[in-house]
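The values are calculated or read from the model by the stated rules, or taken from the named source; none is laboratory data. Source: prediction; values computed, not measured. Here the Cβ positions follow ideal geometry from the backbone for every residue, glycine too, while neighbour counts run over all protein chains shown.
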Amino acid sequence: MECADEKNALHSFAHADGKYHFMGVMLSAASCNKWWMDEILQTKGYDKEQEEIHRLGENPVFFLPYLMGERTPHNNPNARGTFIGMNMSTTREDMTQAVLEGVAYAIRDSFEIAKNLGVSVDRVRITGGGAKSPLWCKIIANVLNVKVDKTNSEEGPAFGAAILAAVGCGKYKTVEEATSKLIKVIETTEQSPELVTLYDKKYNIFKEIYPALKGIYNIMV
């Protein structure tokens, strides 16, 4: 591929339709929120914990979602989850919001690499547990400055494998035909210019935190 990432932070793979696709790999994404809710807050009330989060783009607390190390873009197994920016006025809601935003910022790291390679993305599709949260969809839409489409299937990898199997068995002639008939967009979250501007400023802070802490991570293991 002419536009392959030479540093291999953004991986290039052969696609089922005969083309290629990029894949940014986060080792902890929605699982960060699960860890925060289940292990730290010890609650299953995910929706309730997000009800009081309203000041998007203004949170002074940051979270680096590297609970299991990280691949894209850092390729560092020693990276660790980190909260930074707390003070005596920091609230439970600030911390919860920071987890959601930290994952979105880390996704944007992959998008920035893709943009530098000449790839333009104006909308994405979201599946899995994170797709259940309207708040998280809104955060992602504004951090990435893209439209976020929710589909009729919460399942991602397994459903994709089933679609490929259906094509392989002759149920559908092509991957494109199968996806057009089986996958439907049921809801779209759009970005707002004001929040995009706020989150651009926050992301510029976020991307400075890992380089500042990299040396510390490497001596902690």
Filter result for the condition that a residue is surrounded by 12 or more Cβ atoms within 10 Å (Cβ to Cβ), at pLDDT below 95 and within 22 Å of Glu52 (Cα to Cα), over Gly129, Gly156: Gly129
Number of the condition not met by Gly170 [criteria: (1) at positive phi; (2) of a type in the set (Gly, Ala, Ser); (3) crowded, with 16+ Cβ neighbours inside 10 Å]: (3)
Region 114-126 - residue that is part of a loop (DSSP other than H, G, I, E, B) and at negative phi and, of those, surrounded by the most Cβ atoms within 10 Å (Cβ to Cβ): Leu117
Selected residue (criterion: surrounded by the most Cβ atoms within 10 Å (Cβ to Cβ)) from residues of region 32-77 that are in contact (Cβ under 8 Å) with a residue 24 or more places away in the chain and acidic (Asp, Glu): Glu70
Some residue of region 191-209 being touching a strand residue (DSSP E or B) at 6+ places or on another chain (Cβ under 6 Å), among the aromatic types (Phe, Trp, Tyr) and surrounded by 14 or more Cβ atoms within 10 Å (Cβ to Cβ): yes
Checklist (1) assigned to a loop (DSSP other than H, G, I, E, B); (2) farther than 23 Å from Asp5 by Cα; (3) of a type in the set (Gly, Ala, Ser) applied to Ala141, failing item: (1)
Residue that is of a type in the set (A, V, I, L, M, F, W, C) and in a strand (DSSP E or B), where the choices are Phe83, Phe111: Phe83
When residues of region 175-215 are limited to those that are in contact with a Lys or Arg (Cβ under 9 Å, 6 or more places away or on another chain) and assigned to a helix (DSSP H, G or I), the one farthest from Ile126 (Cα to Cα): Leu213
